[in-house]
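Undergrad: For reference, the structure I am asking about is given below.
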């Protein structure tokens, strides 16, 4: 051990003794400084030994959250780098081997995909080499592919697992590692916790050179058969009408969406799709996207596409994020301006369209059902009930929870195609159960058909949304986040959630809190009776403050599974004729929960 490392270990000892860093931070950082396996990173660790960056880089091992593993690329246990990606791959491989009694799981293999991020090719190579070193077959694509295609490929190739290297819609400095299981859904319990435990046990990383792995038959580069099968699925499962006359704009925002959305639209009969030329070029820096933030859930990210849409008088403007699971939507209004439709708004119009077309065509299964999450608009419930379709709308956030329900029902004998639609508020849509995740390709094809169908009947998608509100009621669904970064932020989040859980507000914006649903404790407490009952649902750190007696108005609070923030969801409804007043009340609810939380944070 050289003198510099010894000196910095003393600094770590001091920081631990005075409480500046936790025992976990000390253990992780000292391991990376002293273990020969981490030798290539020691210089970077030494540069981090200043309290704030050091703590942020080492205070935890990146967990598997709602989107897998995701974070800033750099040095540290809490960063994405060659070591943490390799450990993730080794954890997946070790878990597969622990279940593999006869070698059949290793032969089924793992399919690995990646998006366009700058570090994605390197991280993909590491993933493949680590898994192949464990004697497990690996399938690779010949270039960037989307997350929904990875999910589809797991099911098509019948692999035991899948991995996609992506940070989804995060900024350019981030990357991630999403793990999928044999049903095509992201890993859930018990697999997720078991894989993380295997990751924690990794000491030495074994890698088999990619060329050697190919020569040994352990790595196979796929031809276009997965892409072709995906397009066949689109033609089979995502066609709802014959109309095709619509002017469309689409942007992949420099991401992998160029590999699935334009081909899917063409396969469905939409040949003349216009795209902002600069954004069709794959580039992990996302150079032409506002603030280099390629999240179509943020309207500004779609500026270039909207400008093109305005110029050609488009009926629909779409954009996907870098791994092309999410789809953002702009539609023209009667005054010629373009309006951004939130996930809650567009999925309501989409659900009504799908159910109506299926019912007309005799393609609505008798046991049809819809899946969504507890923070998604309750307008979906009103629509599903009108068509006599079951809706499950209490699921935890994350499409992995939607995929898990489909798998559970399939295991009990219900056909997978009884699922007619699934969605969550963060612009994620599932049209076919053959993809067990959000899918911008099938969603774009459905959206294009909606634009053409309603245009043929003299109605824009904006006007259709107003008709949906007038029919089912006006639902104001908004959200905001409070960012609390680093270890100190994580501790504040924990204390804030504990305070809200133990001392819930009696009222928010003048509305009585009639019930508190605590998904961490799996309980529902009723204010009128003081009764507390078990719900028998999956547990997570989520609180729902139910407002009034309708069961449709609420404030939901939860820490993000992938970012350092607490997310808040405001749901309030009323008559369409009173929509301005409904929006004003929703804004008042948001302002009051902010006030309540700021008072708590001031005391922490």
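The values are calculated or read from the model by the stated rules, or taken from the named source; none is laboratory data. What you are looking at is a predicted structure, and each value in this text was computed from that prediction instead of being measured. Cβ placement follows ideal geometry from the backbone for every residue including glycine, while neighbour counts extend to all protein chains displayed.
Undergrad: Which ones in region 22-73 are at pLDDT below 85, part of a loop (DSSP other than H, G, I, E, B) and under 30 Å from residue 396 (Cβ atoms)?
TA: 59, 60, 61, 62, 63, 64, 66, 67
Undergrad: Among the candidates 300, 314, which residue alone is more than 26 Å from the chain's Cα centre (by Cα) and either assigned by TED's automatic domain parsing to the domain that holds residue 333 or in a loop (DSSP other than H, G, I, E, B) (or both)?
TA: Numbers: 300 fails: more than 26 Å from the chain's Cα centre (by Cα).
Of 300, 314, the one residue that is more than 26 Å from the chain's Cα centre (by Cα) and either assigned by TED's automatic domain parsing to the domain that holds residue 333 or in a loop (DSSP other than H, G, I, E, B) (or both) is 314.
Undergrad: Take residue 323 and decide whether it is assigned to a loop (DSSP other than H, G, I, E, B), crowded, with 16+ Cβ neighbours inside 10 Å and in contact with a strand residue (DSSP E or B) (Cβ under 8 Å, 6 or more places away or on another chain).
TA: Details: assigned to a loop (DSSP other than H, G, I, E, B): yes; crowded, with 16+ Cβ neighbours inside 10 Å: yes; in contact with a strand residue (DSSP E or B) (Cβ under 8 Å, 6 or more places away or on another chain): yes.
Against the criterion (assigned to a loop (DSSP other than H, G, I, E, B), crowded, with 16+ Cβ neighbours inside 10 Å and in contact with a strand residue (DSSP E or B) (Cβ under 8 Å, 6 or more places away or on another chain)), residue 323 qualifies.
Undergrad: A further question on this structure: Could you list all residues from region 1-17 that are closer than 14 Å to residue 35 by Cα and either outside any loop (DSSP other than H, G, I, E, B) or modelled with pLDDT of 80 or more (or both)?
TA: In the first step, residues of region 1-17 are kept if they are closer than 14 Å to residue 35 by Cα; the result is 1-2, 5-6, 9.
The answer is 5, 6, 9.
Undergrad: Condition test on residue 492, is it surrounded by fewer than 19 Cβ atoms within 10 Å (Cβ to Cβ), touching a residue at least 12 places away in the same chain (Cβ under 8 Å), outside the structural domain of residue 395 (by TED's automatic domain parsing) and under 26 Å from the mean Cα position of the chain (by Cα)?
TA: Working: surrounded by fewer than 19 Cβ atoms within 10 Å (Cβ to Cβ): yes; touching a residue at least 12 places away in the same chain (Cβ under 8 Å): yes; outside the structural domain of residue 395 (by TED's automatic domain parsing): yes; under 26 Å from the mean Cα position of the chain (by Cα): yes.
Yes: the conditions hold for residue 492.
Conditions (1) in the same structural domain as residue 488 (by TED's automatic domain parsing); (2) buried (at least 19 other Cβ atoms within 10 Å of the Cβ); (3) touching a strand residue (DSSP E or B) at 6+ places or on another chain (Cβ under 7 Å); (4) within 24 Å of residue 166 (Cα to Cα), marked per residue:
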position	(1), (2), (3), (4)
33	no, yes, no, no
53	no, no, no, yes
77	no, yes, no, yes
96	no, yes, yes, yes
109	no, yes, yes, yes
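Undergrad: Additional query: With the checklist (1) under 22 Å from residue 265 (Cβ atoms); (2) over 15 Å from the mean Cα position of the chain (by Cα); (3) free of Cβ contacts under 8 Å to residues at least 60 places away in the same chain in hand, flag the one item residue 430 doesn't pass.
TA: Tallying (1) under 22 Å from residue 265 (Cβ atoms); (2) over 15 Å from the mean Cα position of the chain (by Cα); (3) free of Cβ contacts under 8 Å to residues at least 60 places away in the same chain, residue 430 fails exactly one: (2).
Undergrad: Here is a further query. Farther than 30 Å from residue 62 by Cβ and buried (at least 17 other Cβ atoms within 10 Å of the Cβ): which single residue out of 509, 456, 527, 470 fits that description?
TA: Values: 456 fails: buried (at least 17 other Cβ atoms within 10 Å of the Cβ); 527 fails: buried (at least 17 other Cβ atoms within 10 Å of the Cβ); 470 fails: buried (at least 17 other Cβ atoms within 10 Å of the Cβ).
One residue alone meets the criteria, 509.
Undergrad: Working only within region 490-526, note down all residues that are touching a helix residue (DSSP H, G or I) at 6+ places or on another chain (Cβ under 6 Å) and not in a strand (DSSP E or B).
TA: Of everything in region 490-526, those that are touching a helix residue (DSSP H, G or I) at 6+ places or on another chain (Cβ under 6 Å) and not in a strand (DSSP E or B) turn out to be 496, 499, 505, 509.
Undergrad: Moving to a separate point now. Do any strands (runs of 3 or more DSSP E) entirely within region 527-572 hold 3 or more residues that are over 21 Å from the mean Cα position of the chain (by Cα), and if so, which?
TA: Working: elements: 532-534, 543-547, 554-559.
It comes to 532-534, 543-547.
Undergrad: Still on this structure: Answer yes if at least one residue in region 233-248 is at pLDDT 95 or above, crowded, with 22+ Cβ neighbours inside 10 Å and on the phi > 0 side of the Ramachandran plot, and no otherwise.
TA: For region 233-248, residues at pLDDT 95 or above, crowded, with 22+ Cβ neighbours inside 10 Å and on the phi > 0 side of the Ramachandran plot: absent.
Undergrad: OK, next. Of the numbered conditions (1) outside the structural domain of residue 264 (by TED's automatic domain parsing); (2) outside any loop (DSSP other than H, G, I, E, B), residue 467 satisfies every one except a single condition; which is it?
TA: Of (1) outside the structural domain of residue 264 (by TED's automatic domain parsing); (2) outside any loop (DSSP other than H, G, I, E, B), only one is false for residue 467: (1).
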